[in-house]
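The values are calculated or read from the model by the stated rules, or taken from the named source; none is laboratory data. These figures come from a predicted structure and were not determined experimentally. Cβ placement follows ideal geometry from the backbone for every residue including glycine, while neighbour counts extend to all protein chains displayed.
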Amino acid sequence: MFHYVPTTCPYCATGCGLNLVVKDGRVADTAPWHRSPVNEGKLCPKGAHAHEFINHPDRLTTPLVRKAGQLVPASWDEALGLVAAKFRSAPPGTTACLSSSRATNEDNYVFQKFARTVLASPHIDNCARLCHSSSVTGLAMVFGSGAMTNSFDDIELSKCIFVIGSNTLENHPLVGRRVILARQHGAKLIVADPRRTPVAKQADLHLPLLPGTDVALLNAMMREILRQGWEDREFIDARTTGFAAMKDEVMQDRYSLENAAKTCGVPAADIATAASWVAQSPSCSLLFAMGITQHAVGVDNVRSCANLQMLTGNVGNPGGGVNPLRGQNNVQGACDMGCLPDVFPGYQKVADPEVRKKFEAAWGCAVAEGPGLTHTEMISSLEADTGAIRSMYVMGENPVLADPGCGNVPEALRHLDFLVVQDIFLSETAALADVVFPVAGFGERDGTQTSAERRVQRVRKAQDPVGEAKPDWKILCDIAARLGFEKQFSYADSDAIFREIASVTPQYAGMDYVRLDRPEALQWPCLSSDHKGTPILHRDRFTTPDGKGIFTPIAFHPPAEVPDAEYPLIFTNGRSIWHWHWGSMTHRSPSLERELSGAWLEIHPDDARTAGVRDDDVVRVSSRRGSVELPARVSSAIRPGVVFMPIHFGESAVNLLTNTALDPFCRIPEFKACAVKLEKVGK
Ligand code: SF4
């Protein structure tokens, strides 16, 4: 006998619903869940095989404690006691906490509360810092709220879709499905990407721009729109401020079609066509992902996208919007829950004394003053050995592979007095820890996660956790109790945590597990128990103080590192449909691993000829920070002058190459563009 447990996919932030098939008390398969309005029963390969890693033999099943240099199994009592003793004697505010965008809202909420109260530390961040912090910061600056403005099903209504820096059909395949459906209904599709990705192959217009030239392209499009008088005057006058300064910037000659064509490496006529389609279609939805956000000008890129959409009146309307396609399943929720160094749950400012008082009253204890350090600042503080950070608590993240120029991270972590990691597998970071806790993962815990379209959805327990694994929140509560915070962390279950979340997070105030049990769940903001949720943001006013959207003049700046005689190629990177991020789950899924089990370097035939490289030759790619060796894949699907690697393979870690330059506003690194050279090293 078997039964189905409906839940939400653990991979990307599309948030597809699926059924876990449970046989003899264990998850045995995945099946479609046709009632989910997000994906209507359809799944991409990752979702279709989402069950395969759950009972993998590599799962952590007991706590591990380092003894004589080795991690060895320990009892919960010993491991919890050791961690509590270390934190009892640690100076307040010296622990850095990295939360997990793969964990539930309940786990993330408890972790930031734990950091700010039990550890008295403001230093809490999550992997959004490395993927979409520029979306959160940039859109909050412009609209007052840093989230996707429209919904996935709304994309289907659009008459023009402008995809920039998103390999949608591989990274968010069920969002890609909406794009294809819109096109079948007559929408025009523009894709700006240095590679002819699967979605670019479907495009009516592909702009294969050079990495890091997005602002030049967007400003040139806006200049053309203004020159032709295609801007939406009514929207600009009624709903925005700052238009004149933005116009002064984009009307400069450096953004003429011809000059932008030279900067971006795309034909001037194609930029003009893109401008015409965006401005003259009845609606245009702009979708972007990490091709826009992972730059030292990531916030500028995001604000430039917002400028274009406000200029053409495409915000707050069906079929329009500025839509960041967030990465991990719950990266939106980790941010909503306040796992950011400058905000509490609901983006309430840490620096505001009144807000801090509110949380002290709600939690019944003192709360650390902030803002704290970002993820990237934590690591650079450790590299510099400043002493500001003495210990680190990592929940389900892997900075050893995820950070730019990651060759230095293990050495930085060695400066810690104490490192605790909780995870489902022994990650590269967990292998360096003093204590490792085994965690109940997907299919083993109840809770909620929030997709990119702000939809707060249930995840459900289908089997008991493997071995002695426990939910993240439960481990944190056990430590808190040992440190005298039993009252503040005495939750009976995840439902009790969610009720507390709703009581302190205005956007979630009208939600509870009963309302979220429906397949369509609820999209925030949902302000009261009779509020129906919000599929489209900013319909009548923005969430800025005066309700107006803010145009910003954005000047084009090239990437922090550009090609030169020694490093003549631009390196960029991305994902494949078969794997997810660093692959801790998908590499343990036999069906996915069978499809793709190793990295490659994609290179244009012209560049391959210059380098004397042929298909399948082994090449060494080197930047100023490190080298990797891997087979070449010669392909005209990538533009000349640019080489590409997938990010999923630790043995060919892209971040040995990437640049550590940071965005000045949100501190996101410039993952997506750096200079490299290559040489053939074998066949
Ligand atoms: Fe899962 Fe994303 Fe694929 Fe949907 S599109 S099944 S959420 S990985």
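Numbers at a glance
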| item | result |
| --- | --- |
| Matching option when the condition is more than 22 Å from Ala200 (Cβ to Cβ) and crowded, with 24+ Cβ neighbours inside 10 Å, among Asn330, Asn301 | Asn330 |
| Helices (runs of 4 or more DSSP H) contained entirely in the range 391-482, each with at least 1 residues that are touching a residue at least 60 places away in the same chain (Cβ under 8 Å) | 399-402, 472-482 |
| Lone qualifier among Ser576, Ser591, Ser597, Ser584 - being touching a Phe, Trp or Tyr at 6+ places or on another chain (Cβ under 7 Å) and hydroxyl-bearing (Ser, Thr, Tyr) | Ser584 |
| Some residue of the range 202-211 being of a type in the set (D, E, K, R) and either touching a Cys at 6+ places or on another chain (Cβ under 6 Å) or within 30 Å of Val456 (Cα to Cα) (or both) | no |
| First in the range 288-310 and within 23 Å of Phe235 (Cβ to Cβ) and without any contact (Cβ under 8 Å) to a residue 12 or more places away in the chain, second anywhere and crowded, with 24+ Cβ neighbours inside 10 Å and among the β-branched types (Val, Ile, Thr), Cβ under 9 Å, 6 or more apart | none |
| Residue match in the range 326-342 (condition: closer than 15 Å to Leu287 by Cα and either at pLDDT below 95 or in the same structural domain as Asn659 (by TED's automatic domain parsing) (or both)) | yes |
| Where Ile570 falls short, out of the listed (1) surrounded by 22 or more Cβ atoms within 10 Å (Cβ to Cβ); (2) within 19 Å of Lys683 (Cβ to Cβ) | (2) |
| Search result, residues across the range 5-16 that are β-branched (Val, Ile, Thr), in a loop (DSSP other than H, G, I, E, B) and more than 7 Å from the ligand (Cβ to nearest atom) | none |
| Those residues of the range 566-624 which are in a loop (DSSP other than H, G, I, E, B), of a type in the set (S, T, N, Q) and within 23 Å of Val331 (Cα to Cα), in sequence order | Ser576, Ser584, Ser589 |
| First in the range 1-24 and over 15 Å from Gln332 (Cα atoms), second anywhere and assigned to a loop (DSSP other than H, G, I, E, B) and among the aromatic types (Phe, Trp, Tyr), Cβ under 7 Å, 6 or more apart | Pro6/Trp33; Gly17/Trp33; Leu18/Trp33; Asn19/Trp33 |
| Criterion: polar (S, T, N, Q) and touching a strand residue (DSSP E or B) at 6+ places or on another chain (Cβ under 6 Å) - qualifying residue of Thr263, Thr241 | Thr241 |
| Test: residue in the range 90-110 that is among the aromatic types (Phe, Trp, Tyr) and closer than 29 Å to Tyr491 by Cβ | yes |
| Options Phe53, Phe87, Phe114; residue that is of a type in the set (Phe, Trp, Tyr) and either within 16 Å of the ligand (Cβ to nearest atom) or surrounded by fewer than 17 Cβ atoms within 10 Å (Cβ to Cβ) (or both) | Phe53 |
| Odd one out for Gly186 among (1) surrounded by fewer than 22 Cβ atoms within 10 Å (Cβ to Cβ); (2) within 16 Å of the ligand (Cβ to nearest atom); (3) not in a helix (DSSP H, G or I) | (2) |
| Residues of the range 500-522 that turn out to be assigned to a loop (DSSP other than H, G, I, E, B) and within 16 Å of Phe111 (Cβ to Cβ), as a count | 1 |
| Boolean, Val409 is at negative phi, modelled with pLDDT under 95 and β-branched (Val, Ile, Thr) | yes |
| Within the range 20-30, tally of residues that are within 15 Å of the ligand (Cβ to nearest atom) and either among the aromatic types (Phe, Trp, Tyr) or surrounded by fewer than 24 Cβ atoms within 10 Å (Cβ to Cβ) (or both) | 2 |
| Residue within the range 351-364 that is surrounded by 24 or more Cβ atoms within 10 Å (Cβ to Cβ) and at pLDDT 95 or above present | no |
| Inter-residue pairs, beta-carbon under 9 Å, first of a type in the set (Ser, Thr, Tyr) and in the range 32-59, second surrounded by fewer than 21 Cβ atoms within 10 Å (Cβ to Cβ) and part of a loop (DSSP other than H, G, I, E, B), 6+ apart | Ser36/Pro519; Ser36/Glu520 |
| Extreme residue, farthest from the ligand (Cβ to nearest atom), among residues of the range 144-183 that are of a type in the set (Val, Ile, Thr) and over 19 Å from the mean Cα position of the chain (by Cα) | Ile161 |
| Members of the range 521-545 that are surrounded by fewer than 15 Cβ atoms within 10 Å (Cβ to Cβ) and farther than 20 Å from Leu139 by Cα | Ser528, Ser529, Asp530, Lys532 |
| Condition met for Ile497 (in contact with a strand residue (DSSP E or B) (Cβ under 7 Å, 6 or more places away or on another chain), outside any loop (DSSP other than H, G, I, E, B) and assigned by TED's automatic domain parsing to the domain that holds Ala120) | no |
| Check on Val676, crowded, with 19+ Cβ neighbours inside 10 Å and in contact with a helix residue (DSSP H, G or I) (Cβ under 6 Å, 6 or more places away or on another chain) | no |
| Filter result for Glu486 (surrounded by fewer than 23 Cβ atoms within 10 Å (Cβ to Cβ) and outside any loop (DSSP other than H, G, I, E, B)) | no |
| Per-region count, the range 310-361, residues touching a Pro at 6+ places or on another chain (Cβ under 7 Å) and assigned to a loop (DSSP other than H, G, I, E, B) | 7 |
| Matching entry among Arg458, Arg515 (being within 16 Å of the ligand (Cβ to nearest atom), at pLDDT 95 or above and surrounded by fewer than 24 Cβ atoms within 10 Å (Cβ to Cβ)) | Arg458 |
| Selection from the range 655-676 of residues that are part of a loop (DSSP other than H, G, I, E, B), among the aliphatic types (A, V, I, L, M) and more than 18 Å from the chain's Cα centre (by Cα) | Leu657, Ala661 |
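Quick grid of which residues meet (1) under 21 Å from Ile577 (Cβ atoms); (2) away from the ligand (no atom under 12 Å from the Cβ); (3) more than 21 Å from the chain's Cα centre (by Cα):
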residue	(1), (2), (3)
His3	no, yes, yes
Leu18	yes, no, yes
Pro32	yes, no, yes
Val38	yes, no, no
Leu43	yes, no, no
Lys46	yes, no, no
Asp58	no, yes, yes
